[in-house]
Amino acid sequence: MSEVLIIPLPGNEAFAEALSRHLPAELGHLTATAFPDGETHLAIESDVRGLSVAFVCTLAHPNENTVPLLFAADAARDLGANRVGLIAPYLAYMRQDRRFRPGEAITSRTFAKLLSKGFDWLVTVDPHLHRYRSLSEIYSVPTCIMHGAPLLSSWIKSHVSDPIIIGPDAESEQWASEIARDCRAPFTVLEKERLGDREVRERFRDTIALVNRTPVLVDDIVSTGATMLVAAQALQAYALAKPICLAVHGIFAEDAYPRLTKVFSQIVTSNSVPHLSNAIDIAPMLAESVRALIGKPFPAKP
Ligand code: R5P
């Protein structure tokens, strides 16, 4: 593997430190502060000349993070880095994957164009691939995706006896079925109807036997929490035990987390986004993906 320097954007230091231990790789440093008028002042404090640099930045707050991130990538190149990659444990702007009403920006595409211009490669975890089958449909640079499902299964196997795995919507069937198979547990998937950003309806599409089983609701992302909240409420008519909420990415917008704590016995997420619910460490698996990607020959950047 060529020599790589891991540099965290502010707020990503702990994750970057863990990654650098698992790779292993050197840890670099940058500072990003705001001028009084709100513009960003950014300085890369480590020598990047001749190195392959990997910036670490989870994109749970994409609007505030993207500008410093693009400045960092461009500055690294300007200072002599020979390759500049992005490790984004959570990749934003994946859900606006089509024009739902006339005039809407398809932000997934625009965001992908921006990042593909700034970086030579991208490693991420379970990006929300719904209408896109792969990141290469919108990203023009090499990408590598790590899947959280095996880690979610391991967590269930060591913490829950007799689970039933429940996906809150059709999209979650892919990982709910994989997790159920791995845990040798039954699974079912609910039917979801989205009525607005914060409003969904959930109903069972088949009859399920929950007696003596602990319901574990699994999803790729908890954002406003509406999906998980309404799914847990739909379960109340059937379940004896309070359900567990398990997700790869815990965004918990606004008051999502306190609202969810009322209906779930436990809320568990991976550390793709720093949060007090983090109980699953994705750094070792992510380090493997970075190693695999950095080891590969790269096409020349257009
Ligand atoms: C949707 O397709 C995703 O898999 C999640 O179910 C959804 O994004 C969760 O969003 P929210 O927490 O806002 O309901």
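The values are calculated or read from the model by the stated rules, or taken from the named source; none is laboratory data. These figures come from a predicted structure and were not determined experimentally. When we count neighbours, we look across all protein chains shown, and the Cβ atoms used for this are built from the backbone with ideal geometry, even at glycine. These area figures cover heavy atoms from the full protein model, side chains too; ligands, DNA and RNA do not enter into them. Shrake-Rupley method; radii C 1.70, N 1.55, O 1.52, S 1.80 Å.
Computing FRET efficiency as 1/(1 + (r/R0)^6) for A14 and E288, where r is the C-beta to C-beta distance and R0 is 22 Å, gives about 0.70. Carbon-plus-sulfur fraction of the accessible area of region 90-132, 1.4 Å probe, in percent? Percent of accessible area from carbon and sulfur atoms in region 90-132: 52.
By its C-alpha gyration tensor, with a ≥ b ≥ c as the square roots of the eigenvalues, how is region 1-155 shaped: rounded for a/c under 1.5, else prolate for a/b larger than b/c, else oblate? Oblate is the answer for region 1-155, as a/c is 1.5 or above yet b/c matches or exceeds a/b.
Accessible surface of D255, taken over heavy atoms with a 1.4 Å probe and every protein chain present, rounds to 80 Å². Just the number, please: carbon plus sulfur as a percent of the accessible area of region 149-279, 1.4 Å probe, no ligands or DNA/RNA counted. Carbon with sulfur: 47 percent of the solvent-accessible area.
Helix 13-22 versus the longest principal axis of the chain: what angle, 0 to 90°, nearest 10, using Cα atoms? Relative to the chain, helix 13-22 is tipped by roughly 90 degrees. Taking all protein chains into account, the per residue accessible area for the chain stands at 48 Å² (1.4 Å probe). The angle between the Cα long axis of helix 62-78 and the main principal axis of the chain comes to about 30°, on a 0 to 90 degree scale.
A straight chain from T107 to E171 at 0.36 nm per residue would run longer than the Cα-Cα distance by 21.0 nm.
Among rounded, prolate and oblate, which fits region 149-279 when a ≥ b ≥ c are the square roots of the eigenvalues of its C-alpha gyration tensor, a/c under 1.5 means rounded, and a/b larger than b/c means prolate?
Numbers: a/c = 1.45, a/b = 1.09, b/c = 1.32.
Rounded is the answer for region 149-279, as its axis ratio a/c remains below 1.5.
I106 contributes an accessible area of around 20 Å² to the protein surface, as traced by a 1.4 Å probe with all chains present. Averaged over residues, the count of other Cβ atoms within 10 Å places the peptides 32-41, 175-184 in the sequence 175-184, 32-41, highest first. Distance between the 7 Å Cα→Cβ label points at A237 and E64: 4.1 nm. Just how far, in whole angstrom, is region 1-20 from region 251-266 if you go by their alpha carbon centroids? Region 251-266 and region 1-20 have Cα centres separated by 30 Å. In region 1-40, carbon and sulfur make up what percent of the accessible area (probe 1.4 Å)? Solvent-exposed carbon and sulfur of region 1-40 make up 54 percent of the total. Where the centroid of each part is defined by its Cα atoms, how far is region 217-242 from region 161-202 in Å? Region 217-242 and region 161-202 have Cα centres spaced 9 Å from each other.
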